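**Student:** Sharing a structure here in structure tokens format.
The values are calculated or read from the model by the stated rules, or taken from the named source; none is laboratory data. Predicted, not measured: the structure shown is a model, and the values here were computed from it. Please note: Cβ atoms are built from the backbone with ideal geometry, for glycine as well, and neighbour counts cover all protein chains shown. These accessible areas exclude ligands, DNA and RNA; they are computed on the full protein's heavy atoms, side chains included. Shrake-Rupley method; radii C 1.70, N 1.55, O 1.52, S 1.80 Å.
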Amino acid sequence: MGERRGAAHPAIVAALLVATLVLAGTYACALTHDEMYSLWAGAAERFEADRTILPPDCEESRWVQRVGGRIVGSWPDRRWVTHEFLVVDDPGVDAWSFPLSAVRHRVYVTTGLLKLIRQRGGAQCDDQLAGVLGHELAHLMRNHHLLRHRRTEMLGLEIPEDLADWPARVLGTWQQEDEFEADKYGAFYVLHAGYRFEGITDFLAQCVRRHGDSPSLDPPGEAKSRVHPPLTHRIAALEGDRKTVEQARQLCEVGLDLLRLGAWDTARACFAQVRNTFLLSPVVVHNVAYAELKQYEASTAAGPSLEQCVSTSYAIEPLRFREPSTGIENRLLLEAQADFLKACELDAKGGFLPPRLGLACVYLYEGDDLRAQAWLQETKAGMDDPGYLNLTGVVAERSGDSAAGQRAYLKALGLSAQAELPAALTTLRQNARPYLPALYNLAHLLHSQTRRAEAAELYRLYLTFEGTRSGLGARAREGVLRCGGQLPRLEEKGVIDTYRGVDVRASGALVVKAALGEPDLLRELPTGREVVTLYEYRSQGIEVLL
């Protein structure tokens, strides 16, 4: 995005061109990431020095913060990055983004841009603003700012003193590709946050109607007229990508629903398809790995051989377990390991906790406790997370430090590490749903210490939530009996084989129609290996996945 020279510019000027922001000196050698961030932070400081920034509590600022915060908040791997959304008092129609550091990003929009949206956006003002902010956030999430430096170094050129005066060989086609990519990824982020796809295309169309199809106000010099694609080209590219983007968003939602239902294989296929469309998203790659890990955990009726429970969640287990074919469980574990590692690689600063917990689970299943401990120690955030605390307890217990294990399990259950067990049991009975892996592990630890009465009580409590269908549920039932306790009365739901004369295993579609009638809308979402069918019964407020 550039500083205006003359009349207000019609488009969102790209965040990567900050005109007339002078950086001291040129750089002929390769820069570290920290050095590049330092340059952008200095550029942002000078950018603000020449402009008036509205106070954060004014109406315009609150609007931008609300919409931007919702987009960022919908992606767990971005929550450890501080995103600041500021409004510049300027009649031009502009937006910019700056990566101040690996964990602090800043996005600016002008009052002129907000005024245009309010005048022309109608009921879709939030959607249009989300489209603008999604585009700028995509530049940051896709590291376009740092790629500019790397391209310059790769071509053996010097980073210019003025960030707006990059050599034409660094801009040109590469820069246009960055803009198209920021549009596509931005639309994906916006849809994922619940805003309409049309927000960005409607905004660009308004800019065309108001100012024509000029690609941008390019800076003078050899980069002139090489920076941005024409607005109509961007609109056409977005419309061409619309089906792919919307389908990816739907597959994300379907994949999450399938994970909650325990349909690990189909959930994995959904997220793998999204990963193939939007490559570098730690969240999506992590969800692929998570589904693979859960497939591994469900690959035998008795569950994995590890005595402790290290599952990264207490999602409902599948109703039936399929017996593994030869070696399938090892392959699933290796694939989960590879995808968790990829998700961690995409989050080099260590702020995204789930894939690191997933890797610790994988290494514990493989019997490599030292590597599991190393990954837990590598985390930079989330040390009060129940999953993290439970895994640290497992590692401590397996190393022989049962006291440390007990303290960690208690903390994972939301109790004081020094809590006395009688009082802890009273508190746990009142908990709507304690963290089940830690509850099982605490029972198992007390059982191993021959504290049978307390262990039996914890096993019983675990069973009231989990039942006996899962491998761990069956172990907890056995634990109650071995500790001399009394089994709780469990009302296990039976597995239905037929419904209104239809074999549910033969045709899920016939069962749905027998129960609910013909759907109002039927959509098919290809996942690569198979198709997920979504039946919508809008009048009844019901959606069915097959």
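**Student:** Can you give the FRET efficiency to the nearest 0.05 for residue 33 and residue 59, using r as the Cβ-Cβ distance and R₀ = 45 Å? Please list the in-between numbers first.
**Tutor:** Working: r = 37 Å, r/R0 = 0.82.
It comes out at approximately 0.75.
**Student:** Counting only the heavy atoms of the protein chains, how much of residue 195 is accessible to a 1.4 Å probe, in Å² to the nearest 10?
**Tutor:** Per-residue accessible area (residue 195): approximately 10 Å².
**Student:** Can I ask one more? Loop only by DSSP, 16 or fewer other Cβ within 10 Å of the Cβ. Give me the trypsin sites (Lys or Arg not before Pro) in region 54-129 that pass, ordered by residue number.
**Tutor:** 79
**Student:** What's the extension gain from residue 243 to residue 103 if we count 0.36 nm per residue and subtract their Cα-Cα distance?
**Tutor:** 47.1 nm
**Student:** May I ask you to compute the full-extension gain from residue 70 to residue 143, defined as 0.36 nm times their residue separation minus their alpha-carbon distance, rounded to one decimal in nm?
**Tutor:** Taking 0.36 nm per residue and subtracting the Cα distance, the gain is 24.2 nm.
**Student:** With every protein chain kept in the model, how would you rank 139, 33, 83 by accessible area, 1.4 Å probe, largest at the top?
**Tutor:** 33, 83, 139
**Student:** If you count only protein heavy atoms and use a 1.4 Å probe, how large is the accessible surface of residue 116, to the nearest 10 Å²?
**Tutor:** 0
**Student:** Along its principal axes, what span do the Cα atoms of region 326-457 show, with the longest given first and each in whole Å?
**Tutor:** 44, 36, 28
**Student:** Just read off the accessible area of residue 395 with the full protein assembly in place, 1.4 Å probe, to the nearest 10 Å².
**Tutor:** Approximately 10 Å² of residue 395 is accessible to the 1.4 Å probe.
**Student:** Can you give the FRET efficiency for residue 378 and residue 338, using 1/(1 + (r/R0)^6), R0 = 22 Å, r = Cβ-Cβ distance, to the nearest 0.05?
**Tutor:** It comes out at approximately 0.80.
**Student:** Report the relative contact order of region 357-414, percent, no decimals, based on alpha-carbon pairs under 8 angstrom and at least 6 residues apart.
**Tutor:** Dividing the mean separation by the residue count of region 357-414 yields 29 percent.
**Student:** Please find the FRET efficiency linking residue 205 to residue 49, where r is the Cβ-Cβ separation and R0 is fixed at 30 Å, and quote it to the nearest 0.05.
**Tutor:** 0.30
**Student:** How much of the calculated P(r) for region 237-294 lies past 17 Å, in percent of all Cα pairs? Intermediate results must be reported in sequence, preceding the final value.
**Tutor:** On the way: 539 of 1653 pairs.
That tail contains 33 percent of the Cα-Cα pairs.
**Student:** Using a/c under 1.5 as the rounded threshold, could you call region 368-427 rounded, prolate or oblate? The axes a ≥ b ≥ c are square roots of the C-alpha gyration tensor eigenvalues, and prolate needs a/b larger than b/c, oblate otherwise. Before the final figure, lay out the partial values.
**Tutor:** Details: a/c = 3.32, a/b = 1.62, b/c = 2.05.
Oblate, because a/c is 1.5 or more while a/b does not exceed b/c.
**Student:** To continue, here is another question. At what distance in nm do the modelled label points of residue 150 and residue 426 sit from each other, each positioned 7 Å from its Cα along Cα→Cβ?
**Tutor:** Result: 5.8 nm between the two label points.
**Student:** Let me see the pair-distance distribution of region 39-115: every alpha carbon pair, 10 Å bin width, integer percents in order.
**Tutor:** With 10 Å bins starting at 0, P(r) equals 19, 50, 29, 2.
**Student:** Per 0.36 nm of contour for each residue apart, how much would the distance between residue 449 and residue 416 grow if the chain were fully extended, relative to their Cα-Cα spacing?
**Tutor:** Values: separation 33, 0.36 × 33 = 11.88 nm, distance 2.05 nm.
Gain on stretching residue 449 to residue 416: 9.8 nm.
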